[in-house]
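Right, one structure below, let's go through it.
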Amino acid sequence: MAAIAAAESGADTILVSDGPVGRSNSVMAQGGLQVPRDGQASRDAMVSDMERSARAPLDHERVRRFVGEILPTVRLLEEWGLILDRDDGGALIRRSAGGLSEPRIVSAGDRIGGSLIKVLRARLTSLPIEVMTGHQVIGVGSDGDRVVVDTRGEVEQTLRPGVVVAATGGMARRFAEQAGERTTNPPNGNHSVIALLSDLGVPVLHPEWFQYQPFGLVDVVGGSADRCIPESIVNLPVRLLDRLGDPVARPGDDRLDVTRAIATAVRSGRSLDGEHGVGVRMTLGDLDPDEVSARFPGIWRVLEAHGLAGRDVLVRPFLHYWLGGLEADVDGSTRVPGLLLAGEMVGGLHGRNRLMGAGITDALVNGRIAGVTAADR
C-alpha cells in the first residue's frame, strides 16, 4: 500500500521484498476490516472503543487520524476491485466482534486477506513501480540525510533512495519460537529488519507487549502457522465452557478479557484435554452446520479435514500480534532522516489490546499515509 501510494503521488518507487509480493501474514487474515459508518458519531464510537480497549494511554491525535482515514482508504480499495460483502440493498454488511460498541467488521466472505492481496498486487503491477523480489534486507544505515539499504538476492546491492518506508511486520513469530508457544504467524524474518532499525537509532516501544487470538484450534496441527476460529464467530450463539460445562467467558467480550479468562481456566485446572493440548470447549456443535459452512467456508474446510466439522472444538489463545513496536510519528516519520515506518512494526496505535480487524486496517491506512508522506519528501 505504501509503494502504491508513493507511486500514485508521483514518486519514483522501488518495492523490495524477500519473497513473492503478497506472501505475508496479511494474506492469511480471517476477520475483516474495521470500517466505521460515514458520520462523526460512528468515527467517535470507534475512537472510544480503541481507547477503552487499549489498557494503556493512547495518542488521541494518532487514533483520530487513523479512524478518519479508514473510509477513504476502503473506498479506494473498492475502486481498485475489492469486493466486500454487501446486503441485497447494496449496503456494506457490518458484523460485530469483541469490544465493539457497534457492528463495524466488513469482509469478503470469511477471509479478507486473499482478496485484499490480489487487489493490491493488481494495482501494483498497473503502476511504474520497480519490484525487487527475492531480496533480503541485510543492512540499513544512514549517509547524511539518506538511508542506505543493503540487500542480498542473486547478488548484493546497495540502494541509496531519497526516502525509505519500512513495513515488514512485527515480532510475534520470533517471540513464539523463543517461548515455545503456538502462533498464527508463519515463519518470517521480520525481527532482523527491526533489529537493524533499532541499531540505526529508532527506539523500540514496549517490546514485551503481545496479543493473542483467543480462539486458537487446539487439535488442528500442521502447516506453517496455527489456525483459529475467526473471532466474527461471536455473531452466532456460541459458548465457551469449562470441563464442568460452566461458562468461561462471553465470546463477544473484549479480546483481552476473553484471552485472560481462558488462560485462567487452563491454569486452574478447569480446561479439557485434547490430543494436542488443553483448552476450553467452544460449542460449534450447537450451531446449524449449513450456516457455519456458508458463513465460514475457509475454516469449515479446515475442520472437515481434521474430522471436527459440526462438532464442539477445543480452543485456547494463540500468539497473534506484536503490540509494541518502533517509534514513529503519525505520518510514519522517524528520528532517522529519510526513514518512515508503517504497519505492525509501528508501536503506539493499539496500546496493550488491539481490536479485531484493526491490524490489517492499520497496515492499509498507515501504509497509504506513509507512502504519500514519502512522495512529498
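Each reported figure results from applying straightforward, stated rules to the coordinates on display, with no laboratory input. The shown structure was predicted, so the numbers you read here are calculated from the model rather than taken from an experiment. Cβ coordinates were reconstructed from backbone atoms using ideal geometry, including for glycine residues, and neighbour counts include every protein chain displayed.
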Checklist entry - How big is the Cα convex hull of the chain in projection, averaged over all directions, in nm²? => result 18.6 nm²
Checklist entry - Using alpha carbon centroids, what distance separates the stretch 289-351 and the stretch 1-42, in Å? => result 15 Å
Checklist outcome for this item: Non-local residues with an amide H under 5 Å from the amide H of residue 210, with H modelled 1.01 Å from N and Pro and chain starts lacking one, are 323
Checklist entry - In Å, what is the Rg of the alpha-carbon atoms in the stretch 149-210, and how long is Dmax? => result 13.9, 41
Checklist outcome for this item: Here the gain from full extension of residue 127 to residue 12, 0.36 nm per residue of separation minus their alpha-carbon distance, amounts to 40.4 nm
Next on the checklist: For the ranges 234-247, 322-335, 4-17, 292-305, what's the packing order if you count other beta-carbon atoms within 10 Å of each residue, average per peptide, and put the highest first?
Outcome noted: 322-335, 4-17, 292-305, 234-247
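Placing +1 at every Lys and Arg Cβ and -1 at every Asp and Glu Cβ, with all other atoms neutral, what dipole size does the chain have around its Cα centre, in debye to the nearest 20? Don't skip to the end; give the middle numbers.
Values: 41 positive and 49 negative charges, 81 e Å.
Roughly 380 debye, rounded to the nearest 20.
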Checklist entry - Using θ = phi - 60° and the Karplus curve 6.51 cos²θ - 1.76 cosθ + 1.60, what whole-Hz ³J(HN,Hα) does each residue of the stretch 19-25 get, with Gly and Pro shown as x? => result x, x, 4, x, 7, 7, 4
Checklist entry - Loop-only check: which GluC sites (Glu not before Pro) in the stretch 201-275 are DSSP coil with at most 12 other Cβ within 10 angstrom? => result 208, 275
Checklist outcome for this item: Averaged over all viewing directions, the convex hull of the alpha carbons in the stretch 212-319 casts a projected area in nm² of 6.2 nm²
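Using helices alone, I'd like the mean residue ellipticity at 222 nm for the chain: each DSSP H run of four-plus residues gives -39500 (n - 2.57), total over residue count, nearest 500.
Values: 11 runs with 120 residues, N = 377.
Calculated from helices alone, the mean residue ellipticity at 222 nm is -9500 deg cm²/dmol.
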